[in-house]
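Structure first, commentary second.
Every read-out reported here was derived from the displayed coordinates using simple, explicitly stated rules and does not represent laboratory data. As the structure is a prediction and not an experimental result, all values here were calculated from the model. Cβ placement follows ideal geometry from the backbone for every residue including glycine, while neighbour counts extend to all protein chains displayed.
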Amino acid sequence: MRLSIFSMRSCVIAMSLLLSVGGASALEKPTGDVILTITAAHLEHPNIDGTAQFDLNMLEELSGRSGEMETPWTQGRVKFSGPLLRAVLEAAGAHGSTMKVKAINDYIADVPIDDALDLDTILATRMNGEPMSVREKGPLFLIYPFDKDPGLYNEKYFSRSVWQIKAIEVTP
C-alpha cells in the first residue's frame with residue numbers, strides 16, 4: 001500500500017504537533033547555578049536525577065508577582081518580586097499536602113501546600129529590584145502576601161517565611 005504525499009505530509013505534521021505538545025511540560029535543565037531543588041515522592045517533571053532543579057533564570061521566567069510591604073525582617077517598606085510558589089510547584093509537577101522548606105543553614109519549616117495554592121505566596125528572588133544575596137536573605141525568600149492580607153501578619157506565617165531557601169521537599 002502506498003501513501004500519497006499528502007497523507008505522508010499529514011502524518012509528519014501530526015507527529016510534530018504531538019511531540020511539541022508532549023515537550024511543552026518538560027522542565028528544562030538549568031544552565032546557571034542551581035539555587036533550588038524540589039523533591040517529592042513523585043515529580044511529573046524531573047530534570048536532573050529524579051529532582052526538579054532551578055537556576056535563577058528558570059524561576060524568573062515563571063508566573064510571578066511583586067508586592068511592596070513591611071516585614072519583621074526588613075526596615076520600612078520593601079518591594080519583593082519573584083515567581084508565585086504555586087507556579088514553581090506546577091513547573092516541577094510536585095503534588096502533596098505539606099512542603100518541608102529548607103534553608104541553607106538547615107532550618108526547616110513545614111508549610112501546608114495550601115499556602116502555595118490558595119495564597120499568592122512569592123518565592124522572592126529580588127528585593128527592591130535587585131537579586132538577593134545570601135547576606136540579604138537570598139537567593140530565595142518565601143514571602144506571604146502581607147501587602148494584600150494584613151491578617152497574615154502574625155507569628156504563624158512569620159515562622160513559615162523561610163529565607164535563604166535551598167530546597168523544598170513535597171510530602172504526601
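Note: relative contact order over the chain, using C-alpha pairs below 8 Å and six or more positions apart, is 23 percent. Here the Karplus curve 6.51 cos²θ - 1.76 cosθ + 1.60, taken at θ = phi - 60°, turns the phi angles of the stretch 97-108 into couplings of 10, 9, 10, 9, 8, 10, 9, 4, 7, 6, 5, 10 Hz, with x standing for Gly and Pro. In summary, the aspartates and glutamates within cross-link reach of LYS29, defined as a Cα separation below 14 angstrom excluding same-chain residues under 8 places away, comprise ASP49, ASP55, GLU61.
Reported value for the stretch 36-172: 98 Å³ per residue, from the convex hull of its C-alpha atoms.
Between LYS79 and LYS148, the modelled labels are 1.8 nm apart [label points 7 Å from Cα along Cα→Cβ]. In terms of packing, defined here as the mean over residues of other Cβ atoms within 10 angstrom, the peptides 59-67, 151-159 line up highest first as 59-67, 151-159.
Contour minus end-to-end for GLU61 and VAL34, with contour as 0.36 nm per residue of separation and end-to-end as the Cα-Cα distance?
Working: separation 27, 0.36 × 27 = 9.72 nm, distance 1.48 nm.
Once the chain is fully extended between GLU61 and VAL34, it gains 8.2 nm.
Cβ crowding within 10 Å, taken as a proxy for footprinting-reagent exposure, orders ASP120, ASP147 from fewest neighbours to most as ASP120, ASP147.
Treat the count of other C-beta atoms within 10 Å as a stand-in for reagent exposure and order HIS95, HIS42 from fewest to most. If you can, show how the numbers build up before the last one.
Values: HIS95 15, HIS42 12.
With the sparsest Cβ surroundings first, the list reads HIS42, HIS95.
Going from the fewest other Cβ atoms within 10 Å to the most, the residues TRP163, TRP73 appear in the order TRP73, TRP163.
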